[in-house]
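The values are calculated or read from the model by the stated rules, or taken from the named source; none is laboratory data. On a predicted model such as this, the values are computed, not experimentally measured, just so you know. Positions of Cβ are backbone-derived with ideal geometry, glycine not excepted, and every protein chain shown enters the neighbour counts. Accessible surface areas use protein heavy atoms only, side chains included; no ligands, DNA or RNA. Shrake-Rupley method; radii C 1.70, N 1.55, O 1.52, S 1.80 Å.
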Amino acid sequence: MVRTVVTGGAGFLGSYLCERLLERGDAVVCMDNFLTGSPENVAHLLERPAFRLVECDLTEFVHVSGQVDQVLHFASAASPIDYLRHPIETLKVGSLGTLHALGLAREKGARFVLASTSEVYGDPLEHPQRETYWGNVNPVGPRSVYDEAKRFSESLTTAYRNSYGTDTAIVRIFNTYGPRMRPHDGRAIPTFIRQALTGEPITVAGDGRQTRSVCYVDDTVEGILTLADSDFAGPVNIGNPTEMSVLELARTIRDLAGSSSPIDFVDRPVDDPGVRRPDTSLAAERLGWRPEVEVTTGLRRTIDWFAERLIGTR
Ligand code: NAD
């Protein structure tokens with residue numbers, strides 16, 4: 001039986017990874033300190049004998065007894081509200097946490113997958129973003145606590161591969177959405193859905209012409225697991241190349257939610273990227289992976305999930 005450690009397993013993406021791995025018959029050790037995730041996200045998995053939830057802070061010390069075949073390193077605050085609220089924790093989990101997770105993979109001879117991000121491209125001067133692009137990140141801007149932590153994690157992962165021969169992979173995940181996101185986590189999609197469902201104004205940053213490319217969680221998880229099962233080191237982009245402006249995204253969500261919320265334009269955050277679209281040809285070529293869920297289908301599913309929780313309908 002394959003035994004996989006998922007760090008940050010009680011978070012949004014991590015909880016889906018734990019679920020899929022168990023579905024296919026793997027044993028899963030989920031490690032989390034619940035900084036931005038919650039045991040509720042994996043409560044439905046607790047009764048499965050192949051699942052273990054361990055509360056631990058990865059920046060301190062990581063120990064897992066017995067066999068470990070894969071380490072999927074997903075622990076890190078990910079939404080701007082979260083990492084701006086926890087700047088030092090974010091830098092620590094990206095540096096010390098990644099060091100400890102890599103140490104575990106090295107000790108066990110396991111494959112290691114780093115959850116990196118499209119944010120390593122910063123405010124990109126190349127569009128769409130290919131893996132060969134080095135990025136445009138302000139090292140002292142407010143977002144640097146996340147962006148630079150991930151860039152350091154990528155560097156550390158590469159050094160473990162080159163110096164110790166650890167079997168590593170880097171996935172650069174683009175904006176992913178779906179059920180189980182927190183309505184107040186500050187990311188555009190949960191914010192717009194919450195506002196649309198409760199009739200509040202939908203707050204679009206700037207003039208809303210900045211673009212995003214959003215990927216439904218099932219597609220992202222499939223891409224990550226395909227990479228984990230391959231021998232490809234990456235870095236590889238996983239995301240949906242369908243690009244839309246933030247204003248278009250807000251209007252689509254408002255329509256799908258059947259809402260009449262007005263749209264309010266608010267200040268744009270510092271260093272907010274102007275464009276975002278993955279070039280996914282490397283993932284298609286090396287992993288045979290392509291996103292399949294249409295944006296409206298994914299948004300509908302997410303809106304339904306939020307509606308049930310926020311207003312108890314649908
Ligand atoms: P999330 O905040 O829901 O999950 C992160 C999890 O990590 C949480 O459960 C949190 O409690 C845990 N964590 C944080 N610090 C920890 C520590 N020191 N020790 C143990 N656990 C710790 O975020 P998410 O959206 O699920 O993102 C998961 C990973 O994927 C992150 O590494 C993020 O950078 C990456 N990512 C996500 C997206 C996205 O669109 N969701 C995009 C790019 C990259």
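Count, please, the residues in the range 114-148 that happen to be of a type in the set (A, V, I, L, M), more than 26 Å from A284 (Cβ to Cβ) and surrounded by 14 or more Cβ atoms within 10 Å (Cβ to Cβ). Show your work before the answer.
As a first pass, look at the range 114-148 and keep what is of a type in the set (A, V, I, L, M): 114-115, 120, 125, 137, 140, 145.
Then keep just the ones that are more than 26 Å from A284 (Cβ to Cβ); that gives 137, 140, 145.
From what's left, surrounded by 14 or more Cβ atoms within 10 Å (Cβ to Cβ): 137, 145.
Here the count works out to 2.
Test of understanding: among S118, S95, which residue is touching a Gly at 6+ places or on another chain (Cβ under 9 Å) and either of a type outside the set (S, T, N, Q) or touching a residue at least 12 places away in the same chain (Cβ under 8 Å) (or both)?
Testing whether each residue is touching a Gly at 6+ places or on another chain (Cβ under 9 Å) and either of a type outside the set (S, T, N, Q) or touching a residue at least 12 places away in the same chain (Cβ under 8 Å) (or both) leaves just S118.
If we scan the range 44-51, do we find a residue that is part of a helix (DSSP H, G or I), more than 7 Å from the ligand (Cβ to nearest atom) and open to solvent by 50 Å² or more (accessible area, probe 1.4 Å)?
Keep residues of the range 44-51 that are part of a helix (DSSP H, G or I), which gives 44-45.
When the remaining residues are screened for being more than 7 Å from the ligand (Cβ to nearest atom), the result is 44-45.
If we keep only those that are open to solvent by 50 Å² or more (accessible area, probe 1.4 Å) too, we end up with 44.
Yes, there is a match, as at least one residue in the range 44-51 is part of a helix (DSSP H, G or I), more than 7 Å from the ligand (Cβ to nearest atom) and open to solvent by 50 Å² or more (accessible area, probe 1.4 Å).
Say we look at the range 179-223 and pick out the residues that are hydroxyl-bearing (S, T, Y) and assigned to a helix (DSSP H, G or I); which of these is least open to solvent (accessible area, probe 1.4 Å)? Spell out how you get there, then give the answer.
So the first thing to find is which residues in the range 179-223 are hydroxyl-bearing (S, T, Y), and the list is 191, 198, 203, 211, 213, 216, 220.
Pick out the ones that are also assigned to a helix (DSSP H, G or I) and you get 191, 198, 220.
Values: T191: 17, T198: 68, T220: 0 Å².
Across the range 179-223, the extreme among qualifying residues is T220.
Output the number of residues of the range 1-25 satisfying the condition of being assigned to a helix (DSSP H, G or I) and either in contact (Cβ under 8 Å) with a residue 24 or more places away in the chain or in contact with a strand residue (DSSP E or B) (Cβ under 7 Å, 6 or more places away or on another chain) (or both). Explain how you work it out, then say what you get.
At the first step, the residues of the range 1-25 found to be assigned to a helix (DSSP H, G or I) are 12-23.
Filter once more, keeping what is either in contact (Cβ under 8 Å) with a residue 24 or more places away in the chain or in contact with a strand residue (DSSP E or B) (Cβ under 7 Å, 6 or more places away or on another chain) (or both): 12-22.
Of the residues in the range 1-25, 11 are assigned to a helix (DSSP H, G or I) and either in contact (Cβ under 8 Å) with a residue 24 or more places away in the chain or in contact with a strand residue (DSSP E or B) (Cβ under 7 Å, 6 or more places away or on another chain) (or both).
Would you check if V28 is in contact (Cβ under 8 Å) with a residue 12 or more places away in the chain and over 21 Å from the mean Cα position of the chain (by Cα)?
Judged against the criteria, V28 is not a match.
Being within 11 Å of the ligand (Cβ to nearest atom), closer than 15 Å to G9 by Cα and open to solvent by 10 Å² or more (accessible area, probe 1.4 Å) is the filter here, so list the residues in the range 60-92 that pass it.
Hits for the range 60-92 are V62, F74, A75, S76, A78.
Which one is least open to solvent (accessible area, probe 1.4 Å) among residues in the range 282-293 that are in contact (Cβ under 8 Å) with a residue 24 or more places away in the chain and not aromatic (F, W, Y)? Let's see the steps before the verdict.
Pass one, the range 282-293, residues in contact (Cβ under 8 Å) with a residue 24 or more places away in the chain: 282-283, 286-289, 291-293.
Remaining after also requiring not aromatic (F, W, Y): 282-283, 286-288, 291-293.
On the way: L282: 46, A283: 0, R286: 123, L287: 23, G288: 56, P291: 35, E292: 154, V293: 22 Å².
Filtering the range 282-293 for residues that are in contact (Cβ under 8 Å) with a residue 24 or more places away in the chain and not aromatic (F, W, Y), the one least open to solvent (accessible area, probe 1.4 Å) comes out as A283.
Only residues that are within 13 Å of the ligand (Cβ to nearest atom) and either open to solvent by 40 Å² or more (accessible area, probe 1.4 Å) or at positive phi (or both): list them for the range 18-38, please.
Of everything in the range 18-38, those that are within 13 Å of the ligand (Cβ to nearest atom) and either open to solvent by 40 Å² or more (accessible area, probe 1.4 Å) or at positive phi (or both) turn out to be N33, F34, L35.
For V68, indicate whether it is in contact (Cβ under 8 Å) with a residue 12 or more places away in the chain and of a type in the set (A, V, I, L, M). Step through it out loud before you land on a result.
Working: in contact (Cβ under 8 Å) with a residue 12 or more places away in the chain: yes; of a type in the set (A, V, I, L, M): yes.
Against the criterion (in contact (Cβ under 8 Å) with a residue 12 or more places away in the chain and of a type in the set (A, V, I, L, M)), V68 qualifies.
Please state which one of R151, R111, R161 is in contact with a strand residue (DSSP E or B) (Cβ under 9 Å, 6 or more places away or on another chain), open to solvent by 60 Å² or more (accessible area, probe 1.4 Å) and away from the ligand (no atom under 14 Å from the Cβ). Lay out the reasoning, then the answer.
On the way: R151 fails: away from the ligand (no atom under 14 Å from the Cβ); R111 fails: open to solvent by 60 Å² or more (accessible area, probe 1.4 Å).
Within the list R151, R111, R161, the selection yields R161.
Could you go through the range 224-231 and let me know if any residue there is outside any loop (DSSP other than H, G, I, E, B), more than 15 Å from the ligand (Cβ to nearest atom) and modelled with pLDDT of 95 or more. Talk me through it step by step, then tell me what you get.
Going residue by residue through the range 224-231, those that are outside any loop (DSSP other than H, G, I, E, B) are 224-229.
Imposing the further condition that a residue be more than 15 Å from the ligand (Cβ to nearest atom) reduces the set to 226, 229.
Add one more test, that the residue is modelled with pLDDT of 95 or more, and what stays is 226, 229.
The answer is yes, given that some residue of the range 224-231 is outside any loop (DSSP other than H, G, I, E, B), more than 15 Å from the ligand (Cβ to nearest atom) and modelled with pLDDT of 95 or more.
How many residues does the range 93-108 contain that are surrounded by fewer than 20 Cβ atoms within 10 Å (Cβ to Cβ) and either of a type in the set (F, W, Y) or within 16 Å of the ligand (Cβ to nearest atom) (or both)? Give the derivation first.
Looking only at the range 93-108, we keep the residues that are surrounded by fewer than 20 Cβ atoms within 10 Å (Cβ to Cβ), and these are 95-96, 99, 103, 106-108.
Remaining after also requiring either of a type in the set (F, W, Y) or within 16 Å of the ligand (Cβ to nearest atom) (or both): 95-96, 99, 103.
Count: 4.
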